[in-house]
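Note sheet for the following structure.
The values are calculated or read from the model by the stated rules, or taken from the named source; none is laboratory data. Model, not experiment: these values are computed from the prediction. Virtual Cβ from ideal backbone geometry, glycine too; neighbours counted across all protein chains shown.
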Amino acid sequence: MNVLLVYPEYPNTFWSFNSVLKFISKKAMYPPLGLLTVASMLPKEWKKGLIDVNVRKLKDSHIEWADIVFISGMLVQKKNAHEIISRCKSKGKTVVVGGPLFTTGHEQFNDIDHFVLNEAEVTLPLFLKDFKEGKAKKVYTSSERPDITKTPVPMWKLINLKDYASMAVQYSRGCPFNCEFCDIIIMNGRVPRTKTPEQMESEMQALFDAGWEGTVFVVDDNFIGNKANVKKMLAKIIKWQEERKYPFSFLTEASVNLAQDEELMNMMSRANFASVFVGIETPNLESLRECSKYQNTALDLEESVKKIHQHGMQVLGGFIVGFDSDDAGIFDAQIEFIKKVGIVTAMVGLLNALPRTRLWHRLKNEGRIVKEPTGENTDATTNFIPKMGSKALIKGYKKILANIYSPKEYYRRIDIFLKHYRPTAREKFSKERVNAFLKSTWKIGLLSRSRFLYWKLLLKTFFTNNKAFPTAVSLAIYGMHFQQITQQVLGSAL
């Protein structure tokens with residue numbers, strides 16, 4: 001049995017970092033961790049091949065080789081997923097799909113042979129048993145939350161690690177919070193489930209043995225959802241990193257209450273965490289209460305971000321506009337907050353109602369859902385009727401982007417960030433990083449309208465905070481990407 005696993009293409013967005021990839025000669029940011037893990041769950045005797053369309057083209061010969069095709073992806077990959085499904089079915093192939101895109105919206109896909117939904121540790125064995133017996137059903141679904149201590153190590157040999165800017169691992173699933181707009185609890189529940197420290201050590205070792213050194217994204221819903229367990233795991237990883245002279249630099253996603261736990265921040269710094277994505281969402285307390293993001297209302301958000309920066313981890317901030325409690329002043333409020341706190345990578349998006357979330361159900365009952373979401377909240381579109389009106393919301397959103405990603409304001413934020421940032425991460429000076437720096441001196445330092453700001457930043461950082469110099473270079477390169485995408489969004493119609 002020949003099985004082909006296919007990962008659809010991402011569009012060019014704030015999150016794709018396509019411009020950054022050119023600087024480091026990589027083809028994609030992250031590998032398809034879900035499919036690589038599923039590959040390890042499939043029968044050992046099956047011959048396996050994987051095509052990540054973000055890395056290489058899916059050829060007819062790839063499809064013709066396969067007896068069965070597995071496809072997985074997220075909502076933002078829907079358009080290309082439809083195209084891939086159509087190609088596979090036109091060649092008479094059996095198509096099996098799963099993952100977030102299909103779990104919350106499988107009704108939108110026709111001509112699929114088998115939907116293996118929810119968590120594969122539960123539903124995939126059921127499908128494989130029936131498939132072997134020649135009686136496989138159309139849909140496999142389950143509300144059971146599996147024990148992920150039994151989840152196998154991803155099959156890294158199916159990809160070329162050199163194609164990617166970062167590797168990805170998963171430590172936990174689920175989040176204890178219940179934000180109205182979030183679909184995490186639909187897919188993974190509210191009780192965080194974690195892998196064992198020994199299991200994570202094995203996964204790190206497998207990546208290391210495969211030849212990887214560099215950034216590793218811990219792709220958890222909320223890395224600190226179970227603080228007691230994560231501290232036990234970090235103790236193991238700290239020792240593992242020390243023994244191998246820190247081959248990995250980590251980034252992850254966490255809630256802002258990370259800033260309340262000094263021990264946890266110190267342990268993450270010692271384990272070599274360099275960045276953490278935090279869903280700050282909005283400085284508007286009423287909007288935070290509206291979306292049930294109560295964990296953010298109890299904290300001084302500005303001080304929380306500073307604390308995390310002081311522990312050597314850069315905060316990548318997620319922000320949202322378009323809540324019912326937002327008024328015309330929210331756009332200036334977001335701009336001022338982002339500036340004041342010094343969050344350089346500020347991912348500001350429009351609120352969208354994702355399928356089956358509490359927000360989606362509420363807005364549907366109010367007759368305000370107008371279309372399906374794209375899964376891309378930074379493309380100046382929304383799928384519901386906002387209280388302030390669509391034109392006012394989109395106009396205000398574009399105002400935020402035009403301001404915070406103008407070269408002057410962007411570099412000013414880097415300066416504010418570096419005042420509080422105390423870098424602790426040990427990062428390898430790889431060939432890719434050196435080449436990226438050299439390319440930046442040409443593409444940004446000579447050819448861009450940010451060139452004077454670029455040289456001022458590098459010279460100041462070199463002489464006043466030289467440990468942060470690699471971070472300063474990276475942020476300058478990211479800025480070029482953010483500015484390009486901002487111009488793309490600003491050019492879209494209201």
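Before moving on, here are some points about what is shown:
- The range 186-224, residues that are in contact with a Gly (Cβ under 7 Å, 6 or more places away or on another chain) and under 28 Å from A28 (Cα atoms): N188, D221
- A single entry from L418, L446, L438 fulfils the requirement of being closer than 28 Å to I335 by Cβ and among the hydrophobic types (A, V, I, L, M, F, W, C): L418.
- Sole exception among (1) surrounded by fewer than 16 Cβ atoms within 10 Å (Cβ to Cβ); (2) assigned to a loop (DSSP other than H, G, I, E, B); (3) modelled with pLDDT of 95 or more for R145, by number: (1)
- Residues in the range 1-25 that are surrounded by 18 or more Cβ atoms within 10 Å (Cβ to Cβ) and farther than 22 Å from P100 by Cβ: S19, V20, L21, F23, I24.
- Here L459, L447 are screened, and the one residue that is within 17 Å of L418 (Cβ to Cβ), among the aliphatic types (A, V, I, L, M) and surrounded by fewer than 13 Cβ atoms within 10 Å (Cβ to Cβ) is L459.
- Residues that are closer than 19 Å to L316 by Cβ, out of contact with any Leu (no Cβ under 6 Å at 6 or more places or on another chain) and of a type in the set (D, E, K, R) do not occur anywhere in the range 387-406.
- Looking at R413, R433, just one residue is under 20 Å from E302 (Cβ atoms) and either free of Cβ contacts under 8 Å to residues at least 24 places away in the same chain or under 23 Å from the mean Cα position of the chain (by Cα) (or both), and that residue is R413.
- Test: residue in the range 155-175 that is of a type in the set (K, R) and surrounded by 14 or more Cβ atoms within 10 Å (Cβ to Cβ): yes
- Positions within the range 298-330 being modelled with pLDDT of 95 or more and more than 30 Å from K467 (Cβ to Cβ), in sequence order: I320, V321, G322, F323, D324, S325, D326, D327, A328, G329, I330
- The residues listed here are T382, T374; of these, the one that is under 22 Å from the mean Cα position of the chain (by Cα), buried (at least 20 other Cβ atoms within 10 Å of the Cβ) and either not assigned by TED's automatic domain parsing to the domain that holds A81 or not charged (D, E, K, R) (or both) is T382.
- Residue count for the range 94-135 satisfying the condition of being at pLDDT 95 or above, in contact with an Asp or Glu (Cβ under 8 Å, 6 or more places away or on another chain) and surrounded by fewer than 19 Cβ atoms within 10 Å (Cβ to Cβ): 2.
- Filtering the range 65-84 to residues that are out of contact with any Phe, Trp or Tyr (no Cβ under 7 Å at 6 or more places or on another chain) and either assigned by TED's automatic domain parsing to the domain that holds D183 or under 20 Å from F131 (Cα atoms) (or both) leaves W65, A66, D67, I68, V69, F70, I71.
- Some residue of the range 96-119 being in a loop (DSSP other than H, G, I, E, B), acidic (D, E) and closer than 24 Å to I148 by Cα: yes
- Unmet requirement for K391, which otherwise passes all of (1) within 28 Å of E302 (Cα to Cα); (2) in a helix (DSSP H, G or I): (1)
- Screening N465 against (1) closer than 26 Å to T13 by Cβ; (2) in contact (Cβ under 8 Å) with a residue 24 or more places away in the chain leaves a single unmet condition, (1).
- Filter pass, E366 being modelled with pLDDT under 95 and either over 27 Å from E9 (Cβ atoms) or in the same structural domain as L301 (by TED's automatic domain parsing) (or both): no
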